[in-house]
Amino acid sequence: QVQLVESGGGLVQAGGSLRLSCAVSGMISSINVMGWYRQAPRKQRELVATISSDGSTNYADSVKGRFTISRDSAKNTVYLQMNSLKPEDTAVYYCNARIFAVGAYWGQGTQVTVSS
């Protein structure tokens, strides 16, 4: 089992920045990929960024150059630094942990609202 708790969401003006945090506990050493996803109203949940156990990262085209995913192994925390935020970034952001051949785990989500 893996437990994920997100924090750091809020209301920000367009062009501003936020940093989301995801505190991870449980079977941490078994996690293969950590990621951030988001779901806007009336839209499907979509991938934002991932970071693998080897440190490689992947980003959605819509956030490349603006968002950065990182991890602090000592703190068992994954971060999503979001810069140059746009109104279309407004969504509930979810932390995700994948263990290959086992499954995926989700946090409860944190709301990010970007005003124009």
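The values are calculated or read from the model by the stated rules, or taken from the named source; none is laboratory data. These numbers were taken from a predicted model, which means no experiment stands behind them. For neighbour counting, all protein chains shown are included, and Cβ atoms are generated from backbone atoms with ideal geometry for every residue, glycine included. All accessible areas refer to the heavy atoms of the entire protein, side chains included, with ligands and DNA or RNA removed. Shrake-Rupley method; radii C 1.70, N 1.55, O 1.52, S 1.80 Å.
For every residue, the table says whether it meets (1) farther than 22 Å from V2 by Cβ; (2) surrounded by 12 or more Cβ atoms within 10 Å (Cβ to Cβ); (3) modelled with pLDDT under 95.
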site	(1), (2), (3)
S25	no, no, yes
A49	no, yes, no
T57	no, yes, no
T68	yes, yes, no
A91	yes, yes, no
G107	no, yes, no
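For the range 1-23, taking the residues that are among the small types (G, A, S) and open to solvent by less than 30 Å² (accessible area, probe 1.4 Å), the one that is nearest to A74 (Cα to Cα) is identified as S21.
Does any residue in the range 76-102 that is polar (S, T, N, Q) come within less than 9 Å, Cβ to Cβ, of a residue that is buried (at least 18 other Cβ atoms within 10 Å of the Cβ) and not in a strand (DSSP E or B) six or more places away or on a different chain, and which pairs are these? Pairs that qualify, where the first residue is polar (S, T, N, Q) and the partner is buried (at least 18 other Cβ atoms within 10 Å of the Cβ) and not in a strand (DSSP E or B), are N96/G107. Among the residues making up the range 8-25, those that are assigned to a strand (DSSP E or B) and closer than 19 Å to S84 by Cα are G10, L11, V12, Q13, L18, R19, L20, S21.
Yes or no, residue by residue, for (1) open to solvent by less than 50 Å² (accessible area, probe 1.4 Å); (2) not β-branched (V, I, T):
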position: M34; (1), (2): yes, yes
position: Q39; (1), (2): no, yes
position: V63; (1), (2): yes, no
position: N76; (1), (2): no, yes
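Is it the case that D61 is in contact with a helix residue (DSSP H, G or I) (Cβ under 8 Å, 6 or more places away or on another chain), at pLDDT 95 or above and not small (G, A, S)? The answer is no for D61.
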